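The structure under discussion appears below in the form of structure tokens.
Read the figures in this text as sums done on the coordinates, not as results from a lab. All values derive from a computational prediction rather than experimental measurement. Here the Cβ positions follow ideal geometry from the backbone for every residue, glycine too, while neighbour counts run over all protein chains shown.
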Amino acid sequence: MSKFNQAIYEIQNLDTISKEDKWVNHIHPLIKLFLTVYYIGLVVSFQKYDLEGLCGMCIYPIFVFIIGELSWKEAIYRLRIVLPLVCIVGILNPFFDTNSIAEIGGIAISGGVVSMVTLMIKGIFCILAGYLLIATTSIEEICYGLRKIHIPKIMVTQILLIYRYIFLLLWETKRITQAYALRAPGQKGIHIKAWGPLVGQLLLRSMDRAQEVYESMCIRGFQGEFFIRKRNEKVKGEFIYFIAFLIILLICRIYPIFEVIGGFFL
């Protein structure tokens, strides 16, 4: 499978997963949106040396992965480009903070190492929270939740259109690269001299397609905003789910759960 086909497949597959008939997928999008922002805010608020407390925040992604029947392997594979970039952010901390703050097995651990690991885990948790929101909520429902909190409709419409039609851009790019490959057999990649003309063709094709899409939308009554169908039924337990995680995450933020549990058994 080519890179373009793989990218299109991953986008469509993620969209299909978000529309599956699962309990977590039917939770009101505003609840999941608020919990995601709330969770990211709590994760970011941890001090740079508070590694024990931060580890307790893994409860939320683990729970959503379980009830959403999502695959860890697929999540890591889809985030394979973003996660390394997040982990690189604090890689220089050990060189700037060399003061020893802990000792494990007779080996001194510097504050820079602890802050580096803490920063990496923060980034991983935040990325996973965003991924879980997209994997359990369709883009239409996310935009519906954004409109419920009065985000300007022009911004919401742009988000929806970009997500919906990005694979069309990928298809056009694939067609152009295939046409170039047929005209230059045996050549690896695209020659640098052809980059400009190909990008220009891609821009013109995109503008033509955008005009056709816009005319089709206007014929169907588009007036600047998408009207999403209202939810027909309420899922029991949504409010309990919302309040329960508000309290659980707050407790995990205040108290180091793993340390408390370990002290209880010891």
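Relative to the Cα centre, what is the charge dipole magnitude of the chain, using +1 at the beta carbon of each Lys and Arg, -1 at the beta carbon of each Asp and Glu, and rounding to the nearest 20 debye?
Computed charge dipole of the chain: roughly 900 debye.
How far is helix 139-148 tilted off the main Cα axis of the chain, in degrees rounded to 10, range 0 to 90?
Value to nearest ten degrees: 70.
Run the numbers for residue 74 and residue 104: contour at 0.36 nm per residue of separation, minus the present Cα-Cα distance, in nm.
7.4 nm
Kindly provide the helix-only [θ] at 222 nm of the chain, computed as the sum of -39,500 (n - 2.57) over DSSP H runs of four or more divided by all residues, to the nearest 500 deg cm²/dmol?
Numbers: 13 runs with 182 residues, N = 266.
Calculated at 222 nm, the ellipticity per residue is -22000 deg cm²/dmol.
Helix 111-136: angle to the longest alpha-carbon principal axis of the chain, degrees 0 to 90, nearest 10?
With rounding to tens, the tilt is 50 degrees.
Where does helix 29-44 land angle-wise versus the long Cα axis of the chain, in degrees 0 to 90, nearest 10?
The angle comes out at about 50 degrees.
Per residue of segment 77-84, in order, report the coupling 6.51 cos²θ - 1.76 cosθ + 1.60 (Karplus, θ = phi - 60°) as ³J(HN,Hα) in whole Hz, putting x for Gly and Pro.
Listing the rounded values in order: 5, 5, 9, 4, 8, 6, 4, x Hz.
With only alpha-carbon pairs counted, each pair once and no self-pairs, how large is the Kirkwood hydrodynamic radius of the chain in angstroms?
Details: mean 1/r = 0.0453 Å⁻¹.
For the chain, the Kirkwood estimate is 22.1 Å.
Can you list residues from other chains, or at least 5 along the same chain, whose modelled amide H is less than 5 Å from the amide H of residue 109?
Residues meeting the criterion, in which the H sits 1.01 Å from N, are 101, 102, 103, 104.
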